[in-house]
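K.L.:
Questions regarding the structure given below will be posed in turn.
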Amino acid sequence: MELNKVIDLEALTASGFPEGLIEQASGFMELMMQYRCALMEVETKLNVLNAEFTMKNNRNPFESIKSRIKTPKSILEKLRRKGFEISVKGIEENLADVAGIRVICSFPDDIYATAKMLTDQDDIRVIQVKDYIINPKPNGYRSLHLILEVPIFLSNEKKNMKVEVQFRTIAMDFWASLEHKLKYKKNIENAEEISKELQRCAEASSQLDLRMQALRDRIEAERE
Ligand code: GTP
Ligand code: MG
């Protein structure tokens, strides 16, 4: 059964579908709806920052903003892999990346400037910061990962929801998507040499980011 499709609960009950399972499925769907609402809240905040930044600086800080809800299949896999309870409560309490947003910026300093504007907002609580730009992963992976808590206002409650926000430059995103594709190729020869080369590419791409940023500063200084 696909849990993210609309389920006709009455028809299911009439056909003898176990009631316990129906209840769990609707609890799951309700939680996914709440994560979608949390994504909308954070996306709106990012869109507002984008509009203001663009007006003040005459350029767009974000190349793109993509959001996604983790699929039921990968939620289940992650709960199993980490040994957490497979339940709605198990998801809420243990998974911080059910709702995810990836913000692609043009320049590294835009990442820090806009991430600070977001996390300084008084309804946002920062749960975790992982700065893989200052401290890249051994394979060369770079990005700024934030786990945030944002309130959503439902008909009769205010609920804090966790959202993972990943900030990257275009170059970091280019590297990460290639590395992601290569990671799933099994039994490749020269694996060690290839991962060394991937590290070198990450390094080169980070140098390019900094050179482009310095170039932007020079061009902007000349314009003034
Ligand atoms: P997860 O259990 O995967 O969430 O690990 P974690 O909690 O240690 O999270 P971490 O912040 O390290 O990474 C979470 C997400 O960042 C992943 O789901 C990927 O989207 C991305 N990511 C992290 N490391 C890599 C990497 O080496 N390569 C690529 N391509 N993406 C990565
Ligand atoms: Mg994670």
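K.L.:
Among the residues of the range 152-188, which ones are small (Gly, Ala, Ser), in contact (Cβ under 8 Å) with a residue 12 or more places away in the chain and more than 10 Å from ligand 1 (Cβ to nearest atom)?
P.N.:
At the first step, the residues of the range 152-188 found to be small (Gly, Ala, Ser) are 155, 171, 176-177.
Filter once more, keeping what is in contact (Cβ under 8 Å) with a residue 12 or more places away in the chain: 171, 176.
Scanning the range 152-188 gives a single hit, Ala171.
K.L.:
Still on this structure, please answer the following. Please specify each residue of the range 63-100 satisfying the condition of being open to solvent by less than 50 Å² (accessible area, probe 1.4 Å), small (Gly, Ala, Ser) and within 16 Å of ligand 2 (Cβ to nearest atom).
P.N.:
Ser74, Gly90, Ala96, Ala99, Gly100 - these are the residues of the range 63-100 that are open to solvent by less than 50 Å² (accessible area, probe 1.4 Å), small (Gly, Ala, Ser) and within 16 Å of ligand 2 (Cβ to nearest atom).
K.L.:
Then there is this: If we scan the range 110-125, do we find a residue that is of a type in the set (A, V, I, L, M) and within 16 Å of ligand 2 (Cβ to nearest atom)?
P.N.:
The initial filter retains those residues of the range 110-125 that are of a type in the set (A, V, I, L, M), namely 111, 113, 115, 117-118, 124.
Within this subset, residues satisfying the condition of being within 16 Å of ligand 2 (Cβ to nearest atom) are none.
Within the range 110-125, not a single residue is of a type in the set (A, V, I, L, M) and within 16 Å of ligand 2 (Cβ to nearest atom).
K.L.:
Out of all the residues in the range 64-99, which are farther than 21 Å from Ala25 by Cα and within 15 Å of the chain's Cα centre (by Cα)?
P.N.:
Answer for the range 64-99, where residues must be farther than 21 Å from Ala25 by Cα and within 15 Å of the chain's Cα centre (by Cα): Ser64, Ile65, Lys66, Ser67.
K.L.:
Would you say Asn156 is more than 17 Å from the chain's Cα centre (by Cα), at pLDDT 95 or above, in a loop (DSSP other than H, G, I, E, B) and exposed (fewer than 13 other Cβ atoms within 10 Å of the Cβ)? Steps first, please.
P.N.:
On the way: more than 17 Å from the chain's Cα centre (by Cα): yes; at pLDDT 95 or above: no; in a loop (DSSP other than H, G, I, E, B): yes; exposed (fewer than 13 other Cβ atoms within 10 Å of the Cβ): yes.
No.
K.L.:
Quick one: in the range 77-113, of everything that is in a helix (DSSP H, G or I) and touching a Phe, Trp or Tyr at 6+ places or on another chain (Cβ under 7 Å), which residue is nearest to ligand 1 (Cβ to nearest atom)?
P.N.:
Here the answer is Asn94.
K.L.:
When you go through Leu210, Leu146, Leu182 one by one, which is the residue that is touching a Pro at 6+ places or on another chain (Cβ under 8 Å), surrounded by 12 or more Cβ atoms within 10 Å (Cβ to Cβ) and not small (Gly, Ala, Ser)?
P.N.:
After applying the criteria, what remains is Leu210.
The values are calculated or read from the model by the stated rules, or taken from the named source; none is laboratory data. For clarity, every value in this text was computed on a predicted model and none was experimentally measured. Methodologically, a virtual Cβ is constructed for each residue, glycine included, from the backbone with ideal geometry; neighbour enumeration extends over all protein chains shown. Areas reflect the complete protein model, heavy atoms only, side chains present, ligands, DNA and RNA absent. Shrake-Rupley method; radii C 1.70, N 1.55, O 1.52, S 1.80 Å.
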